[in-house]
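The values are calculated or read from the model by the stated rules, or taken from the named source; none is laboratory data. Because the structure is a prediction, the values reported are computed rather than measured. Positions of Cβ are generated from backbone atoms using ideal geometry, with glycine treated the same way; all protein chains shown enter the neighbour counts. Please note that ligands, DNA and RNA were not included when accessible areas were found on the heavy atoms of the full protein model with its side chains. Shrake-Rupley method; radii C 1.70, N 1.55, O 1.52, S 1.80 Å.
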Amino acid sequence: NYIAEHVPAILEGWYLGEETGNAVADFLLGYYQSAQIFQPGPFSNPKISGNQNVYPERYYAPYFEDSWKASSDLTLNFGLRWDFRNIPYEQTNKFFWLDGQNPNGGLCFADPKLATDGVAPPGNGISRYCGRRNPVANSLVPFAPRFGFAWRPFKDDKTVVRGGYGVFFASNKGREIDDSGDIYPFEVRSTYTPQSQTTAPKLTNQLYPAYTTVAAVTPQACCSFLAVIQSENPHNPYVQQWSLGVQRQLAPNTTVDVSYEGSKGTHLLTRNDIAQALPPSDPSFCAAQDANGNYINLTNGDCPVASRRPYSNFTGVYIDSAWRGISSYNAANVNLTRRTASTVVQLSYAWSKSLDNKSAAAGIGNSLAGWNGFMDNHNPSLDYGLSDFDVRSRFVANFVYQLPFGRGRRFGANMNKVVDGFLGGWQTGGIVSLQKGFPFSIGASDPFGLLDVVFGTGNRAHQVGNPFPSGTRNINRYFDPSAFAQPDPAHFGFMGRNTLRGPGEHVVDLN
């Protein structure tokens, strides 16, 4: 069970001394500058602190596997797994999700009583009972097949070819239903300031009124801000993986492995601000200036953000947990291993390329500020690029050497046990790692907020020159900032995600 209990209030840590003239005194006395709170709503359980949600989970994963020795040189392996996970719901039907049939934006609710108790009467335009306790029925076809083989193509038994393919499902629960049970009338999200609540007490322990009066739902009550909510069209995220490799004994105690590995991710978790304004029909019109450099069309046409919001009922931030993430990974690996009675040496080189349109569970990763998913939530393809963790090239060498001192060894073969306890059994080793750097992007602002990107910092820059001219790569100036420019108002930067690469890493570890 997943149980979410919210603390009575979350206070922003800003006490400016507005009441006593001293910020510390304001803090100690409980005077506030601003406060945010998840308050129990009129339908929350009065016997429980906060708003408790319980989400039953069911997971079944029976599997079948069989190995078949087709011949003395060929072994085949087959498997099939059924990965069943139920679509989330709240135990007492305190559950909401996006109503895909409402063109203005709306919510489906799981408790039919809300339609008759004055909260969400039919025709209210924002919420309705959709006849279910969760968005869709559970998928019954999450089958995950597996196949593998091992083959010795030559009679000398020094070469083995191995390969395989498999489908692997992942979970889609956890934080992705955080707000689905925390919506009016079960919970009320409030923000207070002394300026906006002039008649309210200024002491935080007296500030919060009890919400006990049932009122009809409004967009402001239910949907001014929804952090993470159950997807109305949930999927089972999965990854396909495949590999092919050859292992060859080059000499006694010496082997080489050459392999290829690949994977493809589908329906990976993404968080999307579906209330983000659509791009303006003519960005150049919104960016027009007069002779003095003043922008002249910020309030004309469809330049105002409010005129471009896709849902009139959603005027704030609405984070929908969708499953629009994709990924691709390909890698070639070469490994050389040498083992003797006293030494093990391994040399490994990997060339790889990882692509995706998101590299983090919440936001897109380190290349975009915030947690809403994409630069343009209506066009995720703009963020398809190198993964934040793409390395491209990596070489690793390591060794372990048993020192020839101690009983039974070259030096001190007959030493007594006490001396051997101090001098015998020692070994030394080391690792050398050389790899390319990680990719990164150059961010930009959203002038006048016309793109409606999160926090106004989720845009990317224009690349207008060579970021790595001769002589710029040093510890103080790794790239040339003049190679980038701020996009005009209403324009997304045309620089792709993660198109630059940071400095590499060279590590030597000896012991």
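Please work out which residue is farthest from Pro103 (Cα to Cα), limiting yourself to the range 286-304 and to residues that are open to solvent by 30 Å² or more (accessible area, probe 1.4 Å) and in contact (Cβ under 8 Å) with a residue 60 or more places away in the chain.
This residue is Tyr295.
What number of residues within the range 256-299 are touching a helix residue (DSSP H, G or I) at 6+ places or on another chain (Cβ under 8 Å) and farther than 23 Å from Leu226 by Cβ?
4
Residues of the range 451-501 being outside any loop (DSSP other than H, G, I, E, B), modelled with pLDDT of 85 or more and either in contact with a Ser or Thr (Cβ under 6 Å, 6 or more places away or on another chain) or closer than 23 Å to Leu386 by Cβ (or both), which ones?
Of the residues in the range 451-501, the ones outside any loop (DSSP other than H, G, I, E, B) are 454-456, 459-460, 462-463, 481-485, 500-501.
If we keep only those that are modelled with pLDDT of 85 or more as well, we get 459-460, 462-463, 481-485, 500-501.
Hits for the range 451-501 are Asn459, Arg460, His462, Gln463, Pro481, Ala483, Phe484, Ala485, Leu500, Arg501.
Give me a count of the residues in the range 423-442 that are over 30 Å from Leu355 (Cα atoms), open to solvent by 80 Å² or more (accessible area, probe 1.4 Å) and within 51 Å of the chain's Cα centre (by Cα).
2
In the range 208-227, what count of residues is obtained for those that are surrounded by fewer than 18 Cβ atoms within 10 Å (Cβ to Cβ) and assigned to a strand (DSSP E or B)?
2
Could you check the range 140-168 and list, in sequence order, the residues that are over 17 Å from Gly245 (Cβ atoms) and at pLDDT 95 or above?
Phe143, Ala144, Pro145, Val167, Phe168
Looking only at the range 145-182, which residues are among the acidic types (Asp, Glu) and open to solvent by less than 30 Å² (accessible area, probe 1.4 Å)?
Looking only at the range 145-182, we keep the residues that are among the acidic types (Asp, Glu), and these are 156-157, 176, 178-179, 182.
If the condition is that a residue be among the acidic types (Asp, Glu) and open to solvent by less than 30 Å² (accessible area, probe 1.4 Å), then Glu176, Asp178, Asp179, Asp182 are the ones that fit.
Within the range 348-365, is even one residue among the aliphatic types (A, V, I, L, M), open to solvent by 30 Å² or more (accessible area, probe 1.4 Å) and at pLDDT 90 or above?
There is at least one residue in the range 348-365 that is among the aliphatic types (A, V, I, L, M), open to solvent by 30 Å² or more (accessible area, probe 1.4 Å) and at pLDDT 90 or above.
Tally time: how many residues in the range 111-160 are touching a residue at least 60 places away in the same chain (Cβ under 8 Å), within 14 Å of Ala216 (Cα to Cα) and of a type in the set (A, V, I, L, M)?
Adding up the residues that qualify gives 4.
Do we have Tyr311 as open to solvent by 30 Å² or more (accessible area, probe 1.4 Å) and closer than 30 Å to Ala227 by Cα here? Explain how you work it out, then say what you get.
Details: open to solvent by 30 Å² or more (accessible area, probe 1.4 Å): yes; closer than 30 Å to Ala227 by Cα: yes.
Criteria met by Tyr311.
Let's see how each residue does on (1) crowded, with 17+ Cβ neighbours inside 10 Å; (2) farther than 30 Å from Gly148 by Cα:
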| residue | (1), (2) |
| --- | --- |
| Ser259 | yes, no |
| Asn272 | yes, yes |
| Ala275 | yes, yes |
| Gly316 | no, yes |
| Asp320 | yes, yes |
| Ala331 | yes, no |
| Gln346 | no, no |
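When you scan the range 449-483, how many residues do you find that are under 23 Å from Asn357 (Cβ atoms) and open to solvent by 30 Å² or more (accessible area, probe 1.4 Å)?
Here the count works out to 5.
Taking Asp66, is it surrounded by 11 or more Cβ atoms within 10 Å (Cβ to Cβ) and charged (D, E, K, R)?
No: the conditions fail for Asp66.
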